[in-house]
1. So which of L91, L37, L72, L21 is open to solvent by 20 Å² or more (accessible area, probe 1.4 Å) and more than 26 Å from N165 (Cα to Cα)?
2. When you go through E146, E123 one by one, which is the residue that is closer than 22 Å to K28 by Cα and open to solvent by 50 Å² or more (accessible area, probe 1.4 Å)?
3. Go through (1) out of contact with any helix residue (DSSP H, G or I) (no Cβ under 6 Å at 6 or more places or on another chain); (2) in a helix (DSSP H, G or I) and name the single condition L70 misses.
4. Which members of segment 154-177 meet the condition of being over 28 Å from M1 (Cα atoms), of a type in the set (S, T, N, Q) and surrounded by 13 or more Cβ atoms within 10 Å (Cβ to Cβ)?
5. Would you point out which residue out of L21, L37 is of a type outside the set (F, W, Y) and over 26 Å from R183 (Cα atoms)?
6. From the list S181, S188, S169, pick out the single residue that is hydroxyl-bearing (S, T, Y), touching a helix residue (DSSP H, G or I) at 6+ places or on another chain (Cβ under 7 Å) and at pLDDT below 95.
7. For the condition small (G, A, S) and in contact with a strand residue (DSSP E or B) (Cβ under 6 Å, 6 or more places away or on another chain), what is the one hit in S153, S158?
Amino acid sequence: METKTRKAEIAHKIIETGESLLNVVWSKADERRAASLEIIARTAYTAEESACHYLETIGLDRKGNIRETLELARYQDTNEQTHEDIFARDLNGLKNWGDRFLARHIAVIIYWAFAIITLIDHELAALLGEAVEVEAVKTYKRMLIEQSDEWLSQPAVSTAVHYWNKPNSMWKVRGDNQPTSMRDVVESIVKDEADHVHANSQKAVAF
């Protein structure tokens, strides 16, 4: 965790506990785990966007912090959607009905949990998001180790190349080279998740 507070420790412990439960179903760092967890993680940003819209609508954004958080959450959501499309659509990580059912139902719970927490205690919601991304970094670093050279050497999927070509994508803004293999893609995603850790830490202190 980048944030070093007692509340951050609690948030990380909550997410670690949830992660340990999900590991029972998705233990391997593969496309199946990535696709399922990206659906769940992305939902948190969607919930944050909804909550920030509401707070802005009722006139609580007097300093512009909520609008900044909203715009950042949108940017993060788009990036996470790309991750989901790479592993769920291009690599067929959700081909099993059970994975789709479980991931989508957990995502619904996460949506409402994050929306409500954002309304009540946005700092805690951001810290939970930071903790989620800390665990995501671990997952993708594991993927670079656990996946075979054959898997990592396969050509970068079309979604990844398309995302890199967007002028405002995180990869292009950060200066990443165009991905040619899945190793390149996963390495960029590791950087994405690390950037999300930092962004969520900053959101935690914005209010």
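The values are calculated or read from the model by the stated rules, or taken from the named source; none is laboratory data. This is a predicted model, so every value here is computed, not measured. Note: ideal-geometry Cβ built from the backbone for every residue, glycine included; neighbour counts use all protein chains shown. Surface areas here come from the heavy atoms of the whole protein model, side chains and all, with no ligands, DNA or RNA. Shrake-Rupley method; radii C 1.70, N 1.55, O 1.52, S 1.80 Å.
1. Working: L91 fails: more than 26 Å from N165 (Cα to Cα); L37 fails: more than 26 Å from N165 (Cα to Cα); L72 fails: more than 26 Å from N165 (Cα to Cα).
Going through L91, L37, L72, L21 in turn, the sole match is L21.
2. Numbers: E123 fails: closer than 22 Å to K28 by Cα.
Going through E146, E123 in turn, the sole match is E146.
3. The failed condition is (1).
4. Within segment 154-177, the subset over 28 Å from M1 (Cα atoms) is 154-159, 161-162, 165-167.
Now narrow it down to the ones that are of a type in the set (S, T, N, Q): 154, 158-159, 165.
Result: Q154, T159.
5. Details: L37 fails: over 26 Å from R183 (Cα atoms).
L21 is the lone residue from the list that is of a type outside the set (F, W, Y) and over 26 Å from R183 (Cα atoms).
6. Values: S181 fails: at pLDDT below 95; S188 fails: at pLDDT below 95.
It is S169.
7. Working: S158 fails: in contact with a strand residue (DSSP E or B) (Cβ under 6 Å, 6 or more places away or on another chain).
Result: S153 is the single residue among S153, S158 that is small (G, A, S) and in contact with a strand residue (DSSP E or B) (Cβ under 6 Å, 6 or more places away or on another chain).
The rows are residues; the columns are (1) part of a helix (DSSP H, G or I); (2) out of contact with any helix residue (DSSP H, G or I) (no Cβ under 6 Å at 6 or more places or on another chain); (3) closer than 17 Å to I189 by Cα.
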| residue | (1), (2), (3) |
| --- | --- |
| I14 | yes, yes, no |
| E38 | yes, no, yes |
| C52 | yes, no, no |
| L55 | yes, no, no |
| F87 | yes, no, yes |
